[in-house]
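These notes are about the structure you will find just below.
Please treat every number below as a calculation from the coordinates, not as lab data. Keep in mind it's a predicted model, so treat the numbers as computed, not measured. When we count neighbours, we look across all protein chains shown, and the Cβ atoms used for this are built from the backbone with ideal geometry, even at glycine.
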Amino acid sequence: MSNGNRNEEGVSRRDFLGLAAFGAAILASLGALAGSLRFVKSNVYSEESKKFKIGKIENFPIGTTRSIDGKSVFIFSDDNGLFAISAVCTHLGCIVYPTEAGFQCPCHGSKYNQDGKVIGGPAPRPLEWFEISQEVDGTLFVDAGKAVPNGTKYIFA
Amino acid sequence: MQSRFYLSLLLISSLVLLTFVAIATYSALTPEWKQYQTEYKDFLIKNAKDEATRERAEKIDIGIQQIYLTSMKKADRCTSCHRGVENPLMANAEQPHRQHSGNYLENHPVAKFGCTICHRGQGQAMNLREAHGEEHTHWDFPIMPIKYIQSSCALCHDFEMLKHEGGGHVAKGEEFFRGKGCRGCHKLNGVGGDLGKALDGIGSRARAYFPMKHVVGDRTIYNWVKQHFDDPRQIVPESEMRAFLTGEESDLLTTYVLTFTSEQMPRNYMLIKNIVMPRTDGESLYKMYCIACHSDGKASIYDEILKRTIPAIMNPSFLKAIDDNYLKKILKEGRQGTQMTAWKVDAAGLTEQEIDRIIEYIAKDRPAAKTEPFDVAKFKADVKRGEELFNIRCALCHGKKGEGDLGLNLKNPVVQAADPAFLAVTVRDGRAGTPMPPFGKDGVGLIEQDIADIVSYVKTLSQKKL
């Protein structure tokens, strides 16, 4: 390509062949590379989904406090909507219990207010809030793998 | 010129690679499940009965769905195509979108159980053919036909519960299995005869274990088991299995036999409501171990499959001539040279007690009157005369050389090893309920000397060549 074999008709036949060949080679390699990069991130992982069903909205009238068996999550329902707060203490992972003022950890005495904010003890961070979503048929799901900003409340029909 | 050759080569190979990249991209972007999920979403949007439902339907993310069961390390991606499985709005939709039938998912939420525990199939596969694992996918456990599906219930539940709570088929199959004498020939948990193969783990054996050559339709273990029950010799030509079942019975038994799996479910999945002790009364044991060959034990019949006459062991005149000790010896040691298994504890695995109960059951109709003894030793037997009498009186049924025809084969070791007195009594009194008439003074009218001669001749038959 560098020998500049040009004439009036523009690109010579050999130049065209060279250009096409290298062009196709580069394109093909890039395509193959891009294709294989897709495999860097897995579509699904070999782990249990943290999303779980909590039932219909009718089961959560305003004023409800419910802890879900085996899932370490509290579900609350107030005037501003439905919300899910983790029951796992941010200090060393014990399971907190609800009190008048909010939550209390049985292990090292961490205290949280009703929004999960730390008001005492060694806990470094507030309790996590989780996403609540609704399936097409109206069933509610909490995804304990998806934290949302504290104070996120959901209104469902 | 050379560079031109290499450039052309580069061009062509690059174009080939590009084509492959294009094909791969296309197939990666249009997988089967994506089409199904789009259909699912469109269906819900179209059929939404209110605005809120429609909005939620529009928000459905399309992507691979997976249920991962940590305790079993199972990943089921079936819901990638069957997304509507828990959605009541899909109750009447077409497959793969339809909601699961019945109320099974109420107690077996998909998130805890997945799909393949009950339905089998290849949970990780992402297209129909491989997921259902039917013919030519080399998957040992393809999707379970619905008519046998209850076999999966028994992985976690007891039959007493299943009988009343939605597992009627498999519970009935289990009852059949106990009543048809299957374990007369097949070992299960170490107890049973050895004419057939042991049944442990048969429901989770690899396809290659089964001779599939004669199976009609898909070569799955389900079809093998079912068709083998329907007609054993159609599937295994040399089989001696005695199975005479209606189509419905063989479906039930297939369902039950598929519960014999070698895997154990994790404890948090098991729900055993009733501990049912196995029945150990004589009648149940007889049905479990003996009935396949001896049926009701009342008549002796020539069996085309086993190629011998099966003795009528509950026939009163047989019982009259044989005492419990002799019966017990036969049960424990079996009958060499016949299909009768040795049932003692270190062979077929019945305990002494169980054998006693079976004998008690068999002998329940023994007539009170004792047989008049026959003292063979009293007579000086003449074998030559015995032969003459035999040819006149016995050969018609038992064959010229005693090889058996309508009557028993007298050359068989059972007869040859029998006590001469026992044989003499049988000849004298006959065997009521069989074609064997009494030859003594109450019947044909032979005198005791004649009978002793015949018996002595019969005892020499084993040395005769056919």
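Rounded, prolate or oblate: which fits region B:376-463, taking a ≥ b ≥ c as square roots of the Cα gyration tensor eigenvalues, rounded meaning a/c under 1.5, else prolate when a/b beats b/c?
rounded
Please compute the modelled spin-label separation between B:Asn107 and B:Lys364, points set 7 Å along Cα→Cβ, answer in nm with one decimal.
3.5 nm
Can you work out the PRE-style zone for A:Lys50? Point 7 Å along Cα to Cβ, and I want the residues of region A:68-111 with backbone N under 18 Å.
Output list for this probe position: A:68-76, A:83-96.
Would you mind checking the tilt of helix A:13-37 against the longest principal axis of the Cα atoms of chain A, expressed as 0 to 90 degrees and rounded to 10?
Helix A:13-37 sits roughly 10 degrees off the main axis of chain A.
Where a Cα-Cα gap under 28 Å defines reach, which lysines qualify for B:Lys147, not counting those fewer than 8 residues away within the same chain?
Correct list for B:Lys147: B:Lys73, B:Lys74, B:Lys112, B:Lys163, B:Lys172, B:Lys180, B:Lys187, B:Lys197, B:Lys213, B:Lys226, B:Lys273, B:Lys287.
Can you pull the one-decimal nm distance between simple spin-label points at A:Val148 and B:Lys384, each 7 Å off the Cα toward Cβ?
Placing both labels 7 Å along Cα→Cβ, they lie 11.2 nm apart.
How many Cβ atoms of partner chains, on average, are near each residue of B:18-28 if near means within 10 Å of its Cβ? If you can, show how the numbers build up before the last one.
Working: counts 7, 1, 4, 9, 2, 0, 5, 4, 0, 0, 2.
Per-residue shielding by partner chains comes out at 3.
Using the number of other C-beta atoms within 10 angstrom as an exposure proxy, rank B:Met314, B:Met126 with the fewest first.
Numbers: B:Met314 22, B:Met126 17.
If I rank by nearby Cβ atoms, fewest first, I get B:Met126, B:Met314.
How large is Rg/Rh for the protein assembly as shown, to two decimals, with Cα atoms and a Kirkwood Rh? Don't skip to the answer; put the middle values down first.
On the way: Rg = 38.7 Å, Rh = 32.1 Å.
Taking Rg over the Kirkwood Rh, I get 1.20.
I'd like the distance between the alpha-carbon centres of region B:1-59 and region B:110-172, rounded to an integer number of Å.
If you average the Cα positions of each part, the centres end up 33 Å apart.
Apply the Karplus parameterisation 6.51 cos²θ - 1.76 cosθ + 1.60, with θ equal to phi minus 60°, to every residue of region B:90-101 and state each ³J(HN,Hα) to the nearest whole Hz, in sequence, with x for glycine and proline.
My calculation for region B:90-101 gives 9, 4, 10, 6, 7, 5, x, 8, 5, 5, 4, 6 Hz in order.
Tally Lys/Arg at +1 and Asp/Glu at -1 over every other residue whose Cβ is under 13 Å from the Cβ of B:Arg366; what's the total?
In short, -1.
Quick check for chain A: number of Lys pairs with alpha-carbon distance under 16 Å, counting only pairs 8 or more apart or on different chains?
Numbers: A:Lys50/A:Lys71; A:Lys50/A:Lys146; A:Lys51/A:Lys71; A:Lys51/A:Lys146; A:Lys53/A:Lys71; A:Lys53/A:Lys146; A:Lys71/A:Lys146; A:Lys117/A:Lys153.
Summing the qualifying lysine pairs gives 8.
If each residue of separation counts as 0.36 nm, what is the full-extension length gain between B:Arg98 and B:Ala347 once their alpha-carbon separation is subtracted? Don't skip to the end; give the middle numbers.
On the way: separation 249, 0.36 × 249 = 89.64 nm, distance 5.22 nm.
Extra length available between B:Arg98 and B:Ala347 comes to 84.4 nm.
Which three numbers, in whole Å and largest first, are the semi-axes of the equivalent ellipsoid of region B:107-200 derived from its Cα gyration tensor as √(5λ)?
Working: eigenvalues 163, 78, 22 Å².
Sorted largest first and rounded, they come to 29, 20, 10 Å.
What number comes out for the charge environment of B:Cys115, summing +1 per Lys or Arg and -1 per Asp or Glu over other residues with Cβ under 10 Å away? Working shown, then result.
On the way: positive: B:Lys74, B:Arg77, B:Arg120; negative: B:Asp76.
Counting the neighbours of B:Cys115, the net charge comes to +2.
Need the C-alpha centroid separation for region A:27-95 versus region B:393-419, integer Å.
80 Å
For region B:225-356, what does the alpha-carbon gyration tensor say about shape, rounded, prolate or oblate, given a ≥ b ≥ c as the root eigenvalues, a/c under 1.5 as rounded, and a/b over b/c as prolate? Present the calculation step by step, with values, prior to reporting the outcome.
Values: a/c = 2.16, a/b = 1.33, b/c = 1.63.
Judged from the Cα gyration tensor, region B:225-356 comes out oblate (a/c at least 1.5, b/c at or above a/b).
Please give me, ordered by residue number, the trypsin sites (Lys or Arg not before Pro) of region B:51-152 that lie in loop per DSSP and have at most 14 other Cβ atoms within 10 Å.
Working: sites: B:Arg54, B:Arg56, B:Lys59, B:Lys73, B:Lys74, B:Arg77, B:Arg83, B:Arg98, B:Lys112, B:Arg120, B:Arg129, B:Lys147; in loops: B:Lys59, B:Lys73, B:Arg77, B:Arg98, B:Arg120.
Sparse-neighbourhood loop trypsin sites (Lys or Arg not before Pro): B:Lys59, B:Lys73.
Taking the Cα centre of region B:266-327 as origin, sum charge times position over the Cβ atoms of Lys and Arg (+1) and Asp and Glu (-1), and report the length of that vector in debye to the nearest 20. Don't skip to the end; give the middle numbers.
Values: 8 positive and 7 negative charges, 67 e Å.
The dipole of region B:266-327 has a size of about 320 debye.
Mind putting a number on the dipole of region B:32-143 about its Cα centre? Charges go on the C-beta only, +1 for Lys and Arg and -1 for Asp and Glu, and I need it in Debye to the nearest 20. Don't skip to the answer; put the middle values down first.
Numbers: 15 positive and 16 negative charges, 49 e Å.
It works out to roughly 240 debye.
Using only helices, what value at 222 nm comes out for chain B when you add -39,500 (n - 2.57) per DSSP H run of length 4 or more and divide by the total residues, to the nearest 500 deg cm²/dmol? Each step should come with its number before you reach the end.
Values: 22 runs with 192 residues, N = 466.
Taken over chain B, the calculation gives -11500 deg cm²/dmol.
For region B:326-443, please report how many Lys pairs fall under 17 Å Cα to Cα, leaving out neighbours fewer than 8 apart on the same chain.
Count of close lysine pairs: 8.
Which loop GluC sites (Glu not before Pro) in region A:97-157, with loop taken from DSSP, have no more than 12 other Cβ atoms within 10 angstrom of their Cβ? Before the final figure, lay out the partial values.
Working: sites: A:Glu100, A:Glu128, A:Glu131, A:Glu135; in loops: A:Glu100, A:Glu128, A:Glu135.
Sparse-neighbourhood loop GluC sites (Glu not before Pro): A:Glu100.
For A:Ile119, enumerate residues with amide H under 5 Å from its amide H, sequence gap 5+ or separate chain, H modeled in the peptide plane.
Those qualifying (amide H under 5 Å, at least 5 residues apart or on another chain) are A:Lys111, A:Tyr112, A:Asn113.
Which value in nm describes the separation of the simple spin-label points at A:Ala157 and A:Cys94, placed 7 Å from the Cα toward the beta carbon?
Going from the A:Ala157 label point to the A:Cys94 one covers 4.5 nm.
Across region A:84-89, in residue order, what do the Karplus-derived ³J(HN,Hα) couplings come to in whole Hz, using 6.51 cos²θ - 1.76 cosθ + 1.60 with θ = phi - 60° and x for Gly and Pro?
Values per residue, Gly and Pro as x: 10, 10, 5, 9, 8, 4 Hz.
Whole-Hz ³J(HN,Hα) for each residue in region B:129-144, computed from phi via Karplus 6.51 cos²θ - 1.76 cosθ + 1.60 with θ = phi - 60°, x for glycine and proline: what do you get?
4, 6, 5, 7, x, 7, 2, 6, 9, 6, 9, 5, 10, x, 4, 7
Span-like helices, chain B: DSSP H, alpha-carbon axial extent 30 Å or more, mean Kyte-Doolittle 1.0 or greater, which ones? If you can, show how the numbers build up before the last one.
Working: long enough: B:2-29 (40 Å, 1.53).
Membrane-span-like by this rule: B:2-29.
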